[in-house]
Amino acid sequence: MDAASLSTPAAPFGQYPPARRVILHLSDTHLMGGNVPLGGRYDTAANLARTLAKVEGLGVRPDAIVFTGDLTDLGEPAAYRALAEAVEPVAERLGAPVIWVAGNHDERTALRRDLLGLEPTEEPVTGVWDLDGLRIIALDSSVPGWHHGDLDQGQLDWLRETLMTPAPLGTLLALHHPPLPSHIPFFDILELRDQQRLADIIAGTDVRGILAGHLHYSTHGTFAGVPVSVAAATCYTMDLARPPAEVNGMDAGQSLNLVHVYDDTITHAVVPVVEAETADFFSEEWLAQMAALSPEERLEAFSRKR
Ligand SMILES: [Fe+2]
Ligand SMILES: [Fe+2]
């Protein structure tokens with residue numbers, strides 16, 4: 001079944017058929033055990049709840065929900081349990097699997113045991129999901145004991161092997177540290193190291209996109225010719241309106257990304273998590289009226305300047 005959007009008309013209004021798959025991309029929840037305010041300032045559980053409320057209000061039935069790391073701030077077992085309690089009911093109502101990716105603030109043993117129900121080992125947290133032909137591969141760029149990113153040889157070998165067989169709709173990689181330069185110079189100290197090794201592996205494969213987090217602001221680029229999309233955080237974001245040398249966090253600007261996978265393109269739309277009144281909006285009835293018109297009649301009704 002193609003990704004169903006509850007409010008999208010069955011027949012498209014434009015040149016593109018409906019997306020083949022829809023992914024929700026969230027990042028950097030940074031939950032704290034006992035919901036202690038992060039940095040003494042941020043209510044990360046409340047901010048996640050606000051984000052999840054937006055997720056449920058989207059009117060979209062996603063094929064998967066991807067969290068690209070820094071799931072907890074300190075790797076506390078209670079924080080992983082709180083995360084599962086917050087997210088799993090939402091995912092269940094939407095009928096979507098959750099893809100958890102490890103970040104530098106996570107601790108592999110607790111993540112495995114308290115979120116995934118696995119053996120508490122220090123093994124990288126990786127996985128492959130087949131979303132009816134679209135493959136998602138989760139990589140673990142965390143380095144135990146450190147905040148910078150790296151991919152160990154075992155993971156790289158596994159990735160190369162996995163990518164030998166292409167997927168019908170191609171592959172998205174999900175990892176925490178984006179293979180991109182940052183607008184904030186000191187963030188590059190904590191970048192993904194030795195990126196050329198990853199570039200060599202994905203070049204010429206069916207990888208169509210890379211989902212990442214870590215930066216706490218939304219940004220986009222290309223890596224080895226592959227589009228990279230970084231989702232901002234749900235917990236707090238970087239105030240890029242300040243000079244790059246003194247950028248700092250703010251309890252504003254949180255968002256999630258809506259990823260639409262088409263045959264020839266993938267779009268990443270940033271959904272703001274903000275409480276603001278909307279002006280008059282287009283109703284389902286109005287959409288139904290448009291759907292009943294011919295393409296020419298629609299142009300006349302909606303495009304012609306009055
Ligand atoms: Fe983070
Ligand atoms: Fe991070």
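The values are calculated or read from the model by the stated rules, or taken from the named source; none is laboratory data. Predicted model only: the values in this text are computed from it and were never measured. Don't worry about glycine lacking a Cβ; one is built from the backbone with ideal geometry, like all the others, and counts go over all protein chains shown. Side chains are part of the model used for accessible areas, which takes the heavy atoms of the whole protein and leaves out ligands, DNA and RNA. Shrake-Rupley method; radii C 1.70, N 1.55, O 1.52, S 1.80 Å.
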Practice task
Search segment 201-215 for residues being open to solvent by less than 40 Å² (accessible area, probe 1.4 Å) and more than 12 Å from the chain's Cα centre (by Cα), and hand back the single one that is farthest from ligand 1 (Cβ to nearest atom).
Solution key: ASP206
Completion exercise
Restricting segment 140-173 to residues that are in contact with a strand residue (DSSP E or B) (Cβ under 8 Å, 6 or more places away or on another chain) and not in a loop (DSSP other than H, G, I, E, B), the one most open to solvent (accessible area, probe 1.4 Å) turns out to be THR162
Practice task
Evaluate segment 241-249: report whether one residue or more is open to solvent by 60 Å² or more (accessible area, probe 1.4 Å) and of a type in the set (D, E, K, R).
Solution key: yes
Problem - HIS176 being part of a loop (DSSP other than H, G, I, E, B), surrounded by fewer than 18 Cβ atoms within 10 Å (Cβ to Cβ) and within 15 Å of ligand 1 (Cβ to nearest atom) - result: no
Fill in the blank from the handout: Among residues of segment 253-287 being small (Gly, Ala, Ser) and touching a residue at least 24 places away in the same chain (Cβ under 8 Å), the residue surrounded by the most Cβ atoms within 10 Å (Cβ to Cβ) is SER255
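Matching residues to (1) within 16 Å of ligand 2 (Cβ to nearest atom); (2) surrounded by 18 or more Cβ atoms within 10 Å (Cβ to Cβ):
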position	(1), (2)
VAL22	no, yes
GLY39	yes, no
ALA49	no, no
GLY69	yes, yes
THR72	yes, yes
PRO77	no, no
ARG81	no, no
Problem - Entirely in segment 1-116, the strands (runs of 3 or more DSSP E) that have 3 or more residues that are away from ligand 1 (no atom under 16 Å from the Cβ) - result: 21-26
Exercise for the section: State yes or no: is GLU300 exposed (fewer than 12 other Cβ atoms within 10 Å of the Cβ), modelled with pLDDT of 95 or more and in a helix (DSSP H, G or I)? Expected result: yes
Handout entry: Hits in segment 100-133 - residues which are within 16 Å of the chain's Cα centre (by Cα), away from ligand 2 (no atom under 16 Å from the Cβ) and buried (at least 22 other Cβ atoms within 10 Å of the Cβ)
Key = LEU131
Exercise for the section: Examine segment 152-162 for a residue that is within 16 Å of ligand 2 (Cβ to nearest atom) and either in contact with a helix residue (DSSP H, G or I) (Cβ under 6 Å, 6 or more places away or on another chain) or over 26 Å from ARG112 (Cα atoms) (or both), and state whether such a residue exists. Expected result: no
Fill in the blank from the handout: From the option list ILE184, ILE137, single residue qualifying as over 25 Å from ASP206 (Cβ atoms) and open to solvent by less than 10 Å² (accessible area, probe 1.4 Å) is ILE184
Practice task
Considering only residues that are within 20 Å of ASP140 (Cβ to Cβ) and part of a loop (DSSP other than H, G, I, E, B), look in segment 212-233 and name the one that is nearest to ligand 2 (Cβ to nearest atom).
Solution key: HIS214
Handout entry: Hey, ARG193 away from ligand 2 (no atom under 16 Å from the Cβ), open to solvent by 30 Å² or more (accessible area, probe 1.4 Å) and of a type in the set (D, E, K, R) or not
Key = no
